[in-house]
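Down below is the structure, laid out as structure tokens.
The values are calculated or read from the model by the stated rules, or taken from the named source; none is laboratory data. These figures come from a predicted structure and were not determined experimentally. Counting neighbours? That spans all protein chains shown, and the Cβs are built from the backbone with ideal geometry, glycine included. Surface accessibility is based on the protein's heavy atoms, side chains included, excluding ligands, DNA and RNA. Shrake-Rupley method; radii C 1.70, N 1.55, O 1.52, S 1.80 Å.
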Amino acid sequence: MRVCVNLADYEQAAKLRMTKSAFGYYAAGAGDELTLRANVEAFQRLRLRPRMLVDVTQRDPSTTLLGHRVPMPVTVAPMGFHRLAHPEGELATVRAVTGQGLIFVASTMATSTLEAIAAAATGRLWFQLYCFRDREITRSLIRRAEAAGYSAFQLTVDVPVLGRREADIRNNFQLPEDCRVANLEPYGLGSIRGGSDRESSAQEYTDRLFDASLTWETVDWIRSQTRLPVMLKGILRGDDAARGIDHGATGIVVSNHGGRQLDSGVSTFEVLPEIVQAVRGRVPVLIDSGVRRGVDVVKALAVGASAVQLGRPVLWGLAVDGQAGVERVLSLFRMELDNALALCGCPNLAAIGPDLIARRFAEFLS
Ligand SMILES: Cc1cc2nc3c(=O)[nH]c(=O)nc-3n(C[C@H](O)[C@H](O)[C@H](O)COP(=O)(O)O)c2cc1C
């Protein structure tokens, strides 16, 4: 096999190793995949003005996220069903991610329990929360995550219903019997099977169990259930970000779920300036959806983000070589970031500012 020298190579290598249905589940966006493509293109469009003649022999990409020191401004986005990629699933991923000192965001829809993920971790964990119609399930997940030592929540707000991912309908996607929605097994909801030629099994499952009546009051309710920080994941507008802070959000994750929800929704990078402006530095702003290159971190931070979340590329690494594959994806990404910092004349993250952005991208300088 060809050696993988960037994250896109890992996607190609993963495709060769995975079943069509599992690869389709990971790769697919909703509808015509307009937003999926726009996410990557938005990062690619921006051009940088590198600074010359700066001593960059020592480079430090470390930062602090919610009070925790991390070696680079990158977390791993919450994604379901890691066992579709590798038999060790989330346990392999979390070992790789926390082993490198990075924060792993465990998904409600993990194929390992949040407790098993915590036991395998050697570093900091956040938990991604979906709010269920049955509030007792949500309450129980919060309690369990607190007891297992997770230090913050990301409440996902962009799934009142699931986006229509047509690949999953075409491939008749089923969660294999040996893959369970482990966190939900205690409530009799461990299996995702079924579906039809109109709706995938995942869509059927989500639309039956997730709470489409979620409102800002629900955010207040979630906050009343925990003393841990609660970030809102899936925000795409400045006014929603500001309102989130009014409702006590301790972080905003600009995300469109990797183009898996509203097709024709805006790309995340194009709305980042609006959101940074609305947040006014009160809480950290993270961004995911379309981050594929180390230089994307420089772009996101130049616009005012605190960190990025890496999504699908982590799953590609996992599919290719388990824990070692994830480690390699993360270290490749880190090398790209290090290289971009040096070439921009930035010895550290504090040196990244809006002056790096080419002036013709005026919208990013607002
Ligand atoms: C296979 C897959 C599963 C996902 N599962 C979840 C999930 O359970 N909860 C959640 O909040 N987001 C989930 N996401 C969205 C990610 O957290 C993140 O927003 C997205 O992957 C970013 O886009 P990118 O992978 O194209 O960079 C999932 C994404 C993928 C690709």
**Prompt:** Just a yes or no: is a residue in the range 289-308 assigned to a strand (DSSP E or B), under 21 Å from Thr93 (Cβ atoms) and under 19 Å from the mean Cα position of the chain (by Cα)?
**Reply:** yes
**Asked** In the range 155-172, is there at least one residue being of a type in the set (Val, Ile, Thr), more than 21 Å from the chain's Cα centre (by Cα) and farther than 23 Å from Val254 by Cα?
**Response** yes
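Residues are listed down the side, and each one gets a yes or a no for (1) closer than 21 Å to Leu365 by Cβ; (2) open to solvent by 20 Å² or more (accessible area, probe 1.4 Å):
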{"residue": "Asp263", "(1), (2)": "no, yes"}
{"residue": "Glu274", "(1), (2)": "yes, yes"}
{"residue": "Ala278", "(1), (2)": "yes, yes"}
{"residue": "Ile287", "(1), (2)": "yes, no"}
{"residue": "Arg292", "(1), (2)": "no, yes"}
{"residue": "Val303", "(1), (2)": "yes, no"}
**Message:** Which count do you get for residues in the range 182-220 that are under 18 Å from Gln154 (Cβ atoms), assigned to a loop (DSSP other than H, G, I, E, B) and of a type in the set (A, V, I, L, M, F, W, C)?
**Reply:** 1
**Request:** Just name the residue that is nearest to Arg312 (Cα to Cα) out of those in the range 1-40 that are out of contact with any Gly (no Cβ under 8 Å at 6 or more places or on another chain) and charged (D, E, K, R).
**Result:** Glu11
**Item:** Count of the range 337-366 residues which are closer than 17 Å to Val70 by Cα, part of a helix (DSSP H, G or I) and touching a residue at least 24 places away in the same chain (Cβ under 8 Å)
**Value:** 4
**Request:** Give the range 241-261 a look and list any residue that's assigned to a loop (DSSP other than H, G, I, E, B) and either surrounded by fewer than 17 Cβ atoms within 10 Å (Cβ to Cβ) or more than 14 Å from the ligand (Cβ to nearest atom) (or both), or say none.
**Result:** His247, Gly248, Ala249, Thr250
**Prompt:** Ala145 versus (1) among the small types (Gly, Ala, Ser); (2) assigned to a helix (DSSP H, G or I); (3) at positive phi: which is the lone unmet condition?
**Reply:** (3)
**Options Arg124, Arg95: the member that is open to solvent by 30 Å² or more (accessible area, probe 1.4 Å) and more than 16 Å from the chain's Cα centre (by Cα)** = Arg95
**Complete:** Going through the range 173-193 in order, the residues found to be surrounded by fewer than 20 Cβ atoms within 10 Å (Cβ to Cβ) and over 22 Å from His257 (Cβ atoms) are Pro176, Glu177, Asp178, Glu185, Pro186, Tyr187, Gly188, Gly190, Ser191, Arg193
**Request:** Would you be able to tell me the number of residues in the range 219-273 that are of a type in the set (Val, Ile, Thr) and either modelled with pLDDT under 95 or touching a Phe, Trp or Tyr at 6+ places or on another chain (Cβ under 6 Å) (or both)?
**Result:** 1
**Request:** Could you check how many residues of the range 201-228 are aliphatic (A, V, I, L, M) and open to solvent by 40 Å² or more (accessible area, probe 1.4 Å)?
**Result:** 3
